[in-house]
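The values are calculated or read from the model by the stated rules, or taken from the named source; none is laboratory data. What you are looking at is a predicted structure, and each value in this text was computed from that prediction instead of being measured. Please note: Cβ atoms are built from the backbone with ideal geometry, for glycine as well, and neighbour counts cover all protein chains shown.
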Amino acid sequence: MTTREQDASSPARSGPRVLVVGAGIAGLAVVRALRGWDAQIDVVERETAPHEVGAGIFLPGNAVRGLRALGLDKTVAEQAVRIERHRIADHRGRVLFELDTSSLWPDDVPTLATRRATVHAALLDDLGDTVIRWGTGPVTVVRDGPGLDVTFTDGTSGRYDLVIGADGAHSAVRRLVFGDVGLRATGVQAWRLVMPRRSAEPVWAVRLGRGASFLTIPVSEDLDYCYLDVNVDVAGSGATLAEVAARFDGAAQAVADGAAVRHTGPIEEVSLGYWSRGRVLLVGDAAHATPPSLAQGAAMAMEDALVLGELLRTTPSVPAALREYERRRRPRVDRVQQQTRQRDRTRGLHPAARNLLLRTVGRRLFRANYTGLHAGP
Ligand SMILES: Cc1cc2nc3c(=O)[nH]c(=O)nc-3n(C[C@H](O)[C@H](O)[C@H](O)COP(=O)(O)OP(=O)(O)OC[C@H]3O[C@@H](n4cnc5c(N)ncnc54)[C@H](O)[C@@H]3O)c2cc1C
């Protein structure tokens with residue numbers, strides 16, 4: 001086996017050799033959270049260069065706490081909008097209920113919204129001496145005694161003490177090490193877009209139609225992030241953005257008329273009985289991708305990284321740290337997935353029943369979604 005030569009800008013260290021697969025929010029947060037642990041960290045990313053991926057990102061209180069623990073909350077806040085209010089309406093815009101964002105989270109954490117690229121760039125800017133190898137990913141991951149031999153798509157190979165799969169819902173690490181398990185389609189198709197900001201109000205505003213939703217969130221002085229989705233059982237699998245936008249009584253017309261579509265695809269969920277196998281661990285969407293209704297993707301990815309960093313620094317062995325990681329993270333992630341399914345079930349009710357329910361107990365349901373996340377991870 002030819003081991004990859006150490007990159008000149010990546011100083012040799014004596015500690016464990018760690019491979020992070022994926023330089024999204026989870027992978028980059030892991031790199032940052034592992035600071036202070038004397039490890040040699042390699043990062044590989046399938047994309048050939050950093051570029052703007054995604055549209056906007058909503059950062060509820062626990063995501064902002066995650067950014068704070070990673071030392072990035074101020075950088076992100078400078079380019080973000082502080083969201084003050086939530087407004088939930090029917091497809092015509094008739095308000096079902098509203099609540100102040102401050103009633104959802106403890107006083108010390110704002111709720112922010114920004115471009116997804118803002119968060120990604122903040123993480124990328126701050127990698128210390130870790131180098132990303134762009135344009136490659138794993139082909140094989142083979143356990144050999146206490147270590148792992150990994151071959152890469154660029155023909156190189158390496159030997160590691162720990163492999164961290166942070167490579168998203170369609171994780172190659174999961175497929176190579178765990179098999180073809182965990183990924184489930186939810187039957188929802190989504191579009192993520194950006195368009196010129198339409199209102200000065202710092203409001204997270206959603207309209208709920210029959211099996212469809214239309215969300216707008218201001219993410220900068222000039223831009224709104226829009227998210228539209230539809231249940232394919234209701235609209236058919238070939239539904240177009242224009243058809244889905246038409247369900248909202250003209251309000252989403254500007255979206256159909258020319259907003260920039262940044263990301264489209266099916267909404268998927270990953271659910272696994274275990275997140276590590278030997279010295280291979282999955283984090284972020286690779287381990288527990290969750291539909292975006294509670295906007296917990298980035299928050300859970302950062303929390304994963306922070307807990308993992310803490311445990312690897314303080315636990316005597318890697319396997320013991322991975323066991324403790326799963327014990328600590330599992331209840332919180334399971335709760336987020338369960339609360340998300342519950343919100344999605346409510347959303348999928350017949351509109352008349354759903355609207356009545358939300359008018360009556362919507363505020364209480366919304367608060368309940370997040371109360372379990374007030375304490376740190
Ligand atoms: C294209 C895209 C756009 C998104 N847009 C938004 C958005 O606008 N708003 C929002 O709230 N959420 C968005 N999300 C979801 C959100 O980013 C994630 O839920 C959250 O940040 C957790 O991310 P992650 O790092 O675990 O996974 P991801 O964000 O999926 O990152 C995984 C990374 O691993 C890389 N990768 C994948 N396979 C391999 C491989 N075989 N080898 C090496 N690298 C690999 C990917 O290129 C990517 O950089 C988007 C996700 C994707 C994939």
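See the values below:
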item	result
Helices (runs of 4 or more DSSP H) wholly inside the stretch 56-148 containing at least 3 residues that are surrounded by fewer than 17 Cβ atoms within 10 Å (Cβ to Cβ) and modelled with pLDDT under 95	none
Matching residues, the stretch 256-279, being more than 14 Å from the ligand (Cβ to nearest atom) and of a type outside the set (S, T, N, Q)	ALA256, ASP257, GLY258, GLY273, TYR274, ARG277, GLY278, ARG279
Identity of the residue in the stretch 72-97, of a type in the set (D, E, K, R) and within 25 Å of the chain's Cα centre (by Cα), that ends up nearest to VAL219 (Cα to Cα)	ARG82
Flag if ARG192 is buried (at least 21 other Cβ atoms within 10 Å of the Cβ) and part of a strand (DSSP E or B)	yes
Those residues of the stretch 306-323 which are of a type in the set (Val, Ile, Thr) and without any contact (Cβ under 8 Å) to a residue 60 or more places away in the chain, in sequence order	THR314, THR315
Sole exception among (1) outside any strand (DSSP E or B); (2) in contact with a helix residue (DSSP H, G or I) (Cβ under 8 Å, 6 or more places away or on another chain); (3) surrounded by 19 or more Cβ atoms within 10 Å (Cβ to Cβ) for VAL181, by number	(3)
Hey, PRO202 more than 16 Å from the ligand (Cβ to nearest atom), over 30 Å from ILE164 (Cα atoms) and at pLDDT 95 or above or not	yes
Residue in the stretch 317-331 that is assigned by TED's automatic domain parsing to the domain that holds TRP37, crowded, with 21+ Cβ neighbours inside 10 Å and within 16 Å of the ligand (Cβ to nearest atom) present	yes
Any hit, the stretch 235-247, residues being surrounded by fewer than 17 Cβ atoms within 10 Å (Cβ to Cβ) and of a type outside the set (Gly, Ala, Ser)	yes
Filter result (crowded, with 18+ Cβ neighbours inside 10 Å and not in a helix (DSSP H, G or I)) within the stretch 349-377	LEU373, PRO377
Any pair with Cβ under 7 angstrom, 6 or more apart, that starts in the stretch 35-54 at a residue that is modelled with pLDDT of 95 or more and ends at one that is of a type in the set (Ser, Thr, Tyr)	ILE41/THR130; VAL43/THR130; VAL44/THR136
Test: VAL232 is under 12 Å from ARG210 (Cα atoms) and in the same structural domain as LEU193 (by TED's automatic domain parsing)	yes
